[in-house]
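See below for the structure under consideration.
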Amino acid sequence: MNKINEPWQNKLFIGHQAIISQLARLKNSNSINNVLLFSGPFGIGKCTLAFRYSNYIFSNIDTPFADYEQMNDNTFNLISKHSYPNLYYISNTNESGGSLEIKIEDIRKLKDSLKGKLLNGGHRVIIIDTINDLNRSAQNALLKILEEPPNNTLFILITHNISLLPDTILSRCLKFNFKNLSISDTKQVTDSLFVEANLEKIIDVYGMSISPGKIFYLMNNNFEEIIEDFNSLMTKSKDRNQKNILRIINYYSKKENMNSFNILFELFMIWLKKNAISLLADLKEDYMVYELLSYWDKYSDRYNNLSILNLKKEELLLTIHKEIRYLADRKIDG
């Protein structure tokens with residue numbers, strides 16, 4: 001699979017025209033709010049638009065934002081290398097691209113950078129991706145900055161889950177709610193980046209609201225192989241190859257395969273949800289719906305406690321493996 005450009009390297013942007021129009025009005029009226037909050041599902045272009053808007057602000061051109069085309073100019077090249085003086089980006093990911101905690105030290109570094117002079121006047125832009133990754137101390141430190149923000153400084157905060165943010169931060173933000181792209185827009189994004197993805201199979205699992213970013217994430221983590229392994233786990237006991245099952249459990253339990261484990265577990269939770277909805281629609285097996293919901297709660301808790309309580313992924317996968325036969329015998333159709 002071809003390497004996908006990072007948000008700060010993307011020149012292409014598709015969709016979200018209503019939000020682009022709102023941002024254009026802010027810029028044109030010279031009333032850019034100190035704190036913008038971009039909220040919405042993962043992988044639909046929030047961070048890409050944050051960098052695109054930053055490019056537009058720094059370029060200081062008369063072209064309407066809706067018609068703006070990013071060029072290979074000095075501003076874009078510096079931003080794409082994280083070396084533009086008036087732009088500060090905070091994000092914390094591991095080697096596999098998973099989110100890590102953003103600590104108070106990161107916000108202290110940001111505070112020190114705000115004391116510096118602006119290049120050629122104009123605006124300074126701070127992008128935090130995501131605001132949910134800040135720990136409590138970091139949130140409190142950021143809040144103090146937002147209470148008295150420096151002049152000509154724009155904060156763009158990104159969140160995949162606005163419901164988890166404290167009211168103290170929400171009350172200081174101008175909110176932009178990003179909705180899922182249409183399937184045609186999603187396909188246009190994947191096609192433009194030469195991403196070879198089995199959209200039909202992915203949509204069958206995740207539904208029509210699947211985002212381009214989620215597709216890239218799945219394909220980068222060998223989604224089709226994970227589907228095959230998941231189906232092996234879901235096969236009734238008498239048809240299973242136990243050596244293959246042990247191979248699967250061992251592989252997905254390794255630290256370096258955390259992303260693959262997350263996808264495998266996600267497939268199991270989707271399987272539970274789809275069957276609960278199917279049973280509810282029939283209105284014949286109410287007791288089984290409650291039973292499935294109890295499994296949902298049980299496994300959600302175990303998954304959330306993996307890192308908190310340092311539980312072993314092998315035990316979680318083995319438990320799922322053992323209980324599949326029971327669920328299958330209850331005539332739950334996957």
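The values are calculated or read from the model by the stated rules, or taken from the named source; none is laboratory data. Being a predicted model, the structure only gives us computed values, none of them experimental. Glycine gets a Cβ as well: all are built from the backbone with ideal geometry, and neighbour counts include every protein chain shown.
Scanning region 67-89 for residues that are within 20 Å of Leu154 (Cα to Cα) and among the aliphatic types (A, V, I, L, M) yields Leu78, Ile79, Leu87. Here Phe178, Phe155 are screened, and the one residue that is modelled with pLDDT of 90 or more and touching a His at 6+ places or on another chain (Cβ under 7 Å) is Phe178.
Of the helices (runs of 4 or more DSSP H) lying entirely inside region 89-172, those containing at least 2 residues that are charged (D, E, K, R) and free of Cβ contacts under 8 Å to residues at least 24 places away in the same chain are 104-113, 136-147.
Is it true that Met258 is modelled with pLDDT of 80 or more and closer than 19 Å to Val205 by Cα? Answer is no for this residue.
For region 301-334, the tally of residues that are modelled with pLDDT under 60 and outside any helix (DSSP H, G or I) stands at 6.
Per the listing Ile277, Ile248, the residue uniquely β-branched (Val, Ile, Thr), within 30 Å of the chain's Cα centre (by Cα) and at pLDDT 70 or above is Ile248.
I'd like to check something: does region 45-59 contain any residue that is in a loop (DSSP other than H, G, I, E, B), out of contact with any strand residue (DSSP E or B) (no Cβ under 6 Å at 6 or more places or on another chain), surrounded by 13 or more Cβ atoms within 10 Å (Cβ to Cβ) and at pLDDT below 90? No: region 45-59 contains no residue that is in a loop (DSSP other than H, G, I, E, B), out of contact with any strand residue (DSSP E or B) (no Cβ under 6 Å at 6 or more places or on another chain), surrounded by 13 or more Cβ atoms within 10 Å (Cβ to Cβ) and at pLDDT below 90. With respect to being outside any helix (DSSP H, G or I), buried (at least 18 other Cβ atoms within 10 Å of the Cβ) and among the β-branched types (Val, Ile, Thr), Ile210 fits the description. Evaluation of Met71 against the conditions (1) more than 15 Å from His16 (Cβ to Cβ); (2) modelled with pLDDT of 90 or more shows that the sole unmet condition is (2).
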